[in-house]
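Take a look at the structure set out below.
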Amino acid sequence: MSTDAPWHSLPVDDALKHFHSRQSGLSPEEAARALQEYGPNTLPSAKPRSLLRRFLHQFNSVLIYVLLGCAGITLMLGHLTDSLVILAAVIANALIGIVQEGRAENAMASISKILSPQATVLRDARRLSTEGRYVVPGDIVVLEAGERVPADLRLLRANSLFIQEAILTGESVAVEKQTSPVPENVAIAERSCMAYSGTMVTMGEGLGVVIATGTQSEIGRISGLLSGIEELQTPLLLKMSIFARWLTALILILGALLFAYGYAVLHQDPQLLFMSIVGLSVAAIPEGLPAVLTITLAIGVQAMAKRNAIVRRLPSIETLGSVSVICTDKTGTLTFNEMSVTNICLTTGEFRVEGEGYEPSGRILRSDDASPIEATSADLHLFRLARAAELCNDAMLHQDDGHWKVEGDPMEGALLAMSRKISPNKEAPRDRVALLPFDASYRYMATLTRTGPQSSDASEQTLITIKGAPERILAMCTQELGSDGTPEPLNERQWHQRAEALANAGQRVLALAEKHASPNQTSLSSTDLEQGLVLIGLVGLMDPPRPEAIEAVADCRSAGIQVKMVTGDHAGTAAAISRQIGLEKPGNILTGADIDVMTDAELRDCAMETDVFARTNPEHKLRLVAALQTLGMTVAMTGDGVNDAPALKRADAGIAMGLKGSEAAREAADLVLADDNFRSIADAVREGRTVYDNIVKVIGWTLPTSTGEAMIVAAAILFGLTLPITAAQILWINLITASTLGMALAFEPSELGTMSRPPRKRSQPLLTGELVWHIALVSALFMAAVFGMFVYIQDQGHSVEYARTITVNTLVFLEIFQLLFVRTMHVSRFSLSAWLGTRPVWIAIAMVVLGQLAMTYLPALQLVFETRPLAAKDMALIIALGFVLYVILEIEKRMRMALTGAPTTDKA
């Protein structure tokens with residue numbers, strides 16, 4: 001038999017016939033044949049690349065080719081030490097890349113860990129425990145509380161069966177299961193006749209026929225999505241790749257033209273001309289830039305780690321700084337993934353319940369005046385509600401490493417926490433006599449309990465307590481607890497309205513009632529509940545938003561970052577949470593069913609105007625991320641479940657929850673939050689923006705330096721002049737300044753206003769018009785200063801070696817003052833504290849000055865670099881020239897800001 005309809009829309013007998021099975025299960029021989037036909041119930045793991053291949057792959061970059069070429073040039077010049085330094089930077093980058101490789105393979109491997117290691121099946125009507133890998137389509141699987149579902153099942157039997165499906169759907173509450181078919185086009189979360197591989201049975205028991213295993217299961221399909229996603233190159237890597245290609249082409253073309261001009265027009269010696277071209281190449285290539293950029297990113301990693309954001313891939317730090325939209329999961333990300341009672345409705349009024357998770361402490365507030373209720377003065381109705389919640393309950397609360405956890409049903413745990421908030425020191429002695437467990441057919445749970453005396457009761461009582469769906473409990477009650485504590489006729493219409501109001505607010509509603517029983521009663525049946533039930537009240541439960549998430553969303557919005565909730569939960573629940581956390585358009589909701597009928601173009605049109613996406617599956621999340629990226633947005637995706645892993649990998653910045661997140665989500669992500677705190681995302685964005693600002697400063701300092709050096713050599717070749725600086729001296733400058741001055745900029749703190757400016761556009765080039773102008777201006781000033789000093793010193797009768805020593809020191813001190821300017825190039829007002837800088841800046845300057853003094857005055861270094869000791873007045877002239885450069889640049893900055901009205905940020 002074959003069918004094109006999904007199994008959840010067909011009778012279960014069709015599944016049995018299709019797989020030639022029966023309710024007593026397959027025979028061992030049939031199971032063996034099925035295992036051979038369908039294969040083991042496992043997910044394929046990616047074949048890892050060899051260490052050598054992964055190492056060599058790290059060198060497949062134009063920028064690395066430039067560095068290797070630079071190392072070769074320095075080796076040709078006989079500077080082995082310089083070549084080794086450059087090669088060390090290349091190898092360090094390669095080693096870092098190796099550590100970060102293989103994330104997709106690890107993500108798929110972590111998904112396979114979710115599959116059940118053991119399963120209970122029926123084979124010829126006999127229960128058999130087997131490894132999950134040997135479960136085959138057609139097997140009849142026995143489901144019991146506490147077990148993980150081993151494969152995708154079409155349910156044959158469901159007795160009070162509840163399954164936690166958060167890893168697939170994002171719903172924090174276990175889903176009630178049944179056996180009847182459901183419509184064909186419903187979302188996974190609404191396929192109540194199905195049980196999916198990797199989910200957890202929280203209550204009840206059932207049977208199901210296996211309809212999919214391994215890669216054919218729902219979790220296997222997600223694994224396939226994950227493996228088929230091509231990771232996007234980060235904006236930084238993309239821009240650096242483009243820059244490296246253009247820089248390489250420019251150096252080669254310029255060198256060839258100058259060589260041709262010098263040889264054909266100026267008739268210079270080819271060997272000397274070639275060495276001059278080599279000097280030009282050495283000057284033009286900023287060999288220290290990649291190493292400094294890597295260190296800048298590494299410092300960002302440390303800063304983020306202090307804010308509980310663990311970076312798994314260095315370039316993702318910079319990506320965070322350009323994020324323009326965050327698509328966030330709801331359950332466990334914006335919320336606690338822990339049910340809590342948030343509202344209470346009694347005859348005497350309505351109350352709000354405070355507190356976090358299952359911790360049994362928090363205030364009870366009157367909704368009308370927000371005044372707290374003290375335990376000693378709480379009215380009888382609250383105590384009766386607390387007693388009913390405690391007695392009609394099978395959950396247990398306990399502390400684990402300071403965190404309160406529940407054993408049993410999450411909603412019962414929330415009721416238990418509420419009871420102890422109301423009555424923390426008045427837990428009644430309880431002796432349960434009988435129990436009616438929850439059943440989907442009658443939708444309530446009831447207990448018969450003998451209780452000891454409380455402050456409100458004079459003697460021992462035998463009580464029937466009941467909780468369940470409001471419509472069911474209200475239909476069974478004839479009375480309600482009156483304002484004076486005595487029963488009075490039930491106002492059923494009013495209670496239905498109150499229950500509907502709670503449900504419309506995205507809460508799950510339970511009703512609690514009680515009835516006094518005979519002291520001699522020892523059993524409990526549904527007939528005992530037909531008369532005399534007195535309604536105590538209603539409770540509204542929800543997975544509440546984290547307070548810090550509300551603050552973080554506000555911070556993101558002030559930074560111009562859109563926040564969109566993408567969840568598998570109900571639209572009503574998602575809308576309620578979105579209003580509480582402060583999304584911009586909480587009323588605009590799209591469901592997965594809506595997305596299914598949309599074209600990609602229609603989804604792009606709706607994506608920017610919608611902030612809540614409910615009942616979504618992994619494909620919907622992938623399409624949404626892709627749609628936003630098509631619109632030019634830099635997308636961050638947060639999540640914690642297996643269902644989030646494909647979108648985490650596809651996003652520009654995938655952010656996984658570290659505490660409650662699945663291993664699959666963590667392996668697919670670029671960043672992992674160690675505290676599962678949405679607040680950490682806003683902090684990570686701040687650090688990302690700071691890192692990018694510092695990268696721009698590094699480039700703004702490095703490129704004018706290398707360009708200025710190259711222009712000096714090019715001008716000398718072009719006009720047939722004596723080189724004012726040798727290739728060896730250029731290498732010295734690049735070596736000593738890049739590893740000190742350039743690196744100091746990596747430690748720059750965040751600027752004021754970092755989180756109040758809009759995110760930069762994805763298309764914004766690394767070299768903006770302002771930065772290009774700065775490079776051109778500084779390069780021209782460098783060239784003018786060096787040639788001016790070189791000619792002036794020679795006119796004073798000094799040797800070429802003395803004049804070159806002057807130019808080497810001039811270049812270094814110009815770079816020092818250029819560094820001081822770059823630190824404040826976006827500061828609108830002069831600030832002494834900003835100009836004085838940070839400790840790393842002055843440590844770097846001190847190291848460079850000491851290095852220059854050694855090069856200038858130590859005989860050994862004079863021999864290597866052909867330098868001469870300088871007179872004190874000449875050193876003073878060099879320092880004065882550097883200060884003049886700073887003043888010129890500062891005046892130009894003020895004029896430019898005044899003319900363009902450019903926004904600025906001041907440092908503290």
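Here are a few things to note about the model shown:
Conditions tested, residue by residue: (1) assigned to a loop (DSSP other than H, G, I, E, B); (2) buried (at least 16 other Cβ atoms within 10 Å of the Cβ); (3) of a type in the set (Gly, Ala, Ser).
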site: Ile845; (1), (2), (3): no, yes, no
site: Leu850; (1), (2), (3): no, no, no
site: Leu853; (1), (2), (3): no, no, no
site: Leu863; (1), (2), (3): no, no, no
site: Pro869; (1), (2), (3): yes, no, no
site: Leu877; (1), (2), (3): no, yes, no
site: Ala880; (1), (2), (3): no, no, yes
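- For region 625-652, filtered to residues that are of a type in the set (Val, Ile, Thr) and more than 20 Å from Ala674 (Cα to Cα), the residue that is nearest to the chain's Cα centre (by Cα) is Val635.
- Residue in region 740-757 that is more than 16 Å from Phe787 (Cα to Cα), among the small types (Gly, Ala, Ser), crowded, with 20+ Cβ neighbours inside 10 Å and modelled with pLDDT under 85 present: yes
Yes or no, residue by residue, for (1) of a type in the set (S, T, N, Q); (2) within 26 Å of Gly688 (Cα to Cα):
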{"residue": "Ile581", "(1), (2)": "no, yes"}
{"residue": "Leu603", "(1), (2)": "no, no"}
{"residue": "Thr616", "(1), (2)": "yes, no"}
{"residue": "Gln629", "(1), (2)": "yes, yes"}
{"residue": "Thr638", "(1), (2)": "yes, yes"}
{"residue": "Val642", "(1), (2)": "no, no"}
{"residue": "Leu648", "(1), (2)": "no, yes"}
{"residue": "Met657", "(1), (2)": "no, yes"}
{"residue": "Asp675", "(1), (2)": "no, yes"}
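- When Glu184, Glu205 are checked against the criterion of being among the acidic types (Asp, Glu), touching a helix residue (DSSP H, G or I) at 6+ places or on another chain (Cβ under 7 Å) and more than 19 Å from Pro137 (Cα to Cα), a single residue qualifies: Glu184.
- Taken over region 336-358, the criterion of being within 30 Å of Val175 (Cβ to Cβ) and at pLDDT 90 or above is satisfied by Ser340, Val341, Thr342, Asn343, Ile344, Cys345, Leu346, Glu350, Phe351, Arg352, Val353.
- The set of residues from region 521-554 being among the β-branched types (Val, Ile, Thr) and either under 28 Å from the mean Cα position of the chain (by Cα) or under 19 Å from Gly413 (Cβ atoms) (or both) comprises Val539, Ile550, Val553.
- Unique match (being within 34 Å of the chain's Cα centre (by Cα) and either more than 30 Å from Thr630 (Cβ to Cβ) or outside the structural domain of Ala653 (by TED's automatic domain parsing) (or both)) among Ala714, Ala776, Ala780, Ala746: Ala746
- When the test is whether a residue is out of contact with any Asp or Glu (no Cβ under 6 Å at 6 or more places or on another chain), modelled with pLDDT of 85 or more and of a type in the set (Val, Ile, Thr), Thr465 does not pass it.
- For region 844-866, the count of residues that are touching an Asp or Glu at 6+ places or on another chain (Cβ under 6 Å) and modelled with pLDDT under 85 is zero.
- One residue alone among Asp676, Asp693 is within 14 Å of the chain's Cα centre (by Cα) and either in the same structural domain as Leu293 (by TED's automatic domain parsing) or outside any helix (DSSP H, G or I) (or both), and that residue is Asp676.
- Residue satisfying condition, being more than 18 Å from Val625 (Cβ to Cβ), out of contact with any strand residue (DSSP E or B) (no Cβ under 7 Å at 6 or more places or on another chain) and not in a strand (DSSP E or B), within set Arg579, Arg604: Arg579
- Condition check for Thr610: modelled with pLDDT of 90 or more, in a loop (DSSP other than H, G, I, E, B) and closer than 28 Å to Glu338 by Cβ: yes
- When region 341-371 is limited to residues that are hydroxyl-bearing (Ser, Thr, Tyr), within 21 Å of Trp495 (Cα to Cα) and in contact with a strand residue (DSSP E or B) (Cβ under 7 Å, 6 or more places away or on another chain), the one that is surrounded by the most Cβ atoms within 10 Å (Cβ to Cβ) turns out to be Thr342.
A quick yes/no check of all residues on (1) at positive phi; (2) surrounded by 17 or more Cβ atoms within 10 Å (Cβ to Cβ); (3) assigned to a strand (DSSP E or B):
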| position | (1), (2), (3) |
| --- | --- |
| Val141 | no, yes, yes |
| Pro150 | no, yes, no |
| Leu155 | no, yes, yes |
| Thr179 | no, yes, no |
| Pro183 | no, no, no |
| Gly198 | yes, yes, no |
| Thr202 | no, yes, yes |
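- Of the criteria (1) within 30 Å of Ala264 (Cα to Cα); (2) outside any helix (DSSP H, G or I), which one Ser750 fails: (1)
- Filtering Gly654, Gly688 for residues that are of a type in the set (Gly, Ala, Ser), modelled with pLDDT of 80 or more, crowded, with 21+ Cβ neighbours inside 10 Å and assigned to a helix (DSSP H, G or I) leaves a single hit, Gly688.
- Residues that are under 28 Å from Met897 (Cα atoms), among the polar types (S, T, N, Q) and surrounded by 14 or more Cβ atoms within 10 Å (Cβ to Cβ) do not occur anywhere in region 781-800.
- Among the residues making up region 383-414, those that are in contact (Cβ under 8 Å) with a residue 24 or more places away in the chain and assigned to a strand (DSSP E or B) are Leu397, His403, Trp404, Lys405, Val406.
- Number of positions in region 422-445 that are hydrophobic (A, V, I, L, M, F, W, C) and either at pLDDT below 65 or in contact with a helix residue (DSSP H, G or I) (Cβ under 6 Å, 6 or more places away or on another chain) (or both): 2
- Considering Ile730, Ile775, Ile725, Ile736, the condition of being hydrophobic (A, V, I, L, M, F, W, C), over 21 Å from Lys893 (Cβ atoms) and either in contact with a Cys (Cβ under 9 Å, 6 or more places away or on another chain) or surrounded by fewer than 22 Cβ atoms within 10 Å (Cβ to Cβ) (or both) is satisfied by Ile736 alone.
- Take the conditions (1) under 35 Å from the mean Cα position of the chain (by Cα); (2) in a loop (DSSP other than H, G, I, E, B); Pro137 misses just one of them, which is (1).
- Hey, Ala645 over 23 Å from Pro759 (Cα atoms), surrounded by 22 or more Cβ atoms within 10 Å (Cβ to Cβ), touching a His at 6+ places or on another chain (Cβ under 9 Å) and assigned by TED's automatic domain parsing to the domain that holds Asn677 or not: no
- Annotation: Asp676 fulfils all but one of (1) at pLDDT 80 or above; (2) surrounded by fewer than 24 Cβ atoms within 10 Å (Cβ to Cβ); (3) of a type outside the set (Val, Ile, Thr); the unmet one is (1).
- Single residue of region 779-821 satisfying the filter (among the acidic types (Asp, Glu) and in contact with a Ser or Thr (Cβ under 9 Å, 6 or more places away or on another chain)) that is nearest to Glu709 (Cα to Cα): Glu815
- Just one residue in the set Ile589, Ile595 is under 20 Å from Asn185 (Cβ atoms) and surrounded by fewer than 22 Cβ atoms within 10 Å (Cβ to Cβ); that residue is Ile589.
The values are calculated or read from the model by the stated rules, or taken from the named source; none is laboratory data. Worth saying up front: this structure is predicted, and the values here are computed from it rather than measured. Positions of Cβ are backbone-derived with ideal geometry, glycine not excepted, and every protein chain shown enters the neighbour counts.
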